[in-house]
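Read-outs throughout are calculated quantities, based only on the coordinates presented, and are distinct from any laboratory measurement. As the structure is a computational prediction, the values presented were derived from the model and not from experiment. Please note: Cβ atoms are built from the backbone with ideal geometry, for glycine as well, and neighbour counts cover all protein chains shown.
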Amino acid sequence: MKNLAFLKYAFYALFAVTFLYSCGGSGEVEYEEVVLPTQGLITVVKEVETDLFKIDDEITIPDTAGSLIIANYLDTTADTFTLAEARLMEQTGYTGRSGSVMQAASYGLFGYMIARNMGGFGRSAARRPQPGAYTSKQAYDKTTKNAGQSLNRTATRTRTAKPSSGKSGYGSSSRSTRSFGG
């Protein structure tokens, strides 16, 4: 009878150890580099057709909070949008003429100002500034050479741990823990 009780508890212990090992994973941790700009940016967008805007210039400034979008319209008027206004439009969606301005600016370096991680800048990032978002190849080259390199060089870099991809088990969740700031 004692042997039977011993075997029963040994089986329970073996089951518990196996369960905990399989749920806990291998303990592997992946790291993600979070790169955030420390300089601000003034992005000048130009209306090239009615409600179609492209980036004409991007210039770094010392303070991120002072970041602006300057929109030059075909009718020779201009508008200025603050970083706070741009972030609000990013969250609520782009609508109307000002939405077209914000969307155009977000395809350039200003996209990093409205809460995107710069981690992929200089590599193959999904939302890295593209030449087609600029009024000319010269405007694109000037921006990437001057403002782009300056933003990348002065940005803060931190490594954050994140769960290994493809791992599941006890304590896993499908909720995102990614946070945005700026």
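Please list 3J(HN,Hα) in residue order for region 139-148, calculated via the Karplus relation 6.51 cos²θ - 1.76 cosθ + 1.60 where θ = phi - 60°; whole Hz, with x for glycine and proline.
With coefficients 6.51, -1.76 and 1.60, one gets 5, 5, 4, 4, 5, 5, 6, 8, 5, x Hz.
Taking 0.36 nm per intervening residue step and subtracting the Cα-Cα distance, what contour gain separates Lys145 from Ile61 on full extension?
Difference between extended and current length: 28.7 nm.
Straight distance only, please: which aspartates and glutamates reach the Cα of Lys142 with their own Cα at less than 20 Å, same-chain residues fewer than 8 apart left out?
Here the aspartates and glutamates satisfying the reach criterion relative to Lys142 are Glu47, Asp56, Asp57, Glu58.
Spin-label point model (7 Å from Cα, Cβ direction): what's the Thr77 to Ala161 distance in nm?
Each label point is offset 7 Å from its Cα along the Cβ direction, giving 5.5 nm.
What list of ³J(HN,Hα) couplings, whole Hz, do you get for region 90-100 from phi and the Karplus terms 6.51, -1.76, 1.60, once you set θ to phi - 60° and write x for glycine and proline?
4, 6, 9, x, 8, 9, x, 5, 5, x, 5
If each residue of separation counts as 0.36 nm, what is the full-extension length gain between Thr95 and Asp51 once their alpha-carbon separation is subtracted?
Length gained between Thr95 and Asp51: 14.7 nm.
Quick one: which residues, 5 or more positions from Ile61 or on another chain, have an amide H under 5 Å from its amide H? H modelled 1.01 Å from N in the peptide plane, none for Pro or chain starts.
Sorted by chain and number, the residues that satisfy this are Gly40, Leu41, Ile42.
For Ala155, enumerate residues with amide H under 5 Å from its amide H, sequence gap 5+ or separate chain, H modeled in the peptide plane.
The list, which skips near neighbours in sequence, is Thr38.
Relative to the present Cα-Cα distance, how much length would full extension add between Glu28 and Gln138 at 0.36 nm per residue of separation?
Gain in length upon complete extension: 35.1 nm.
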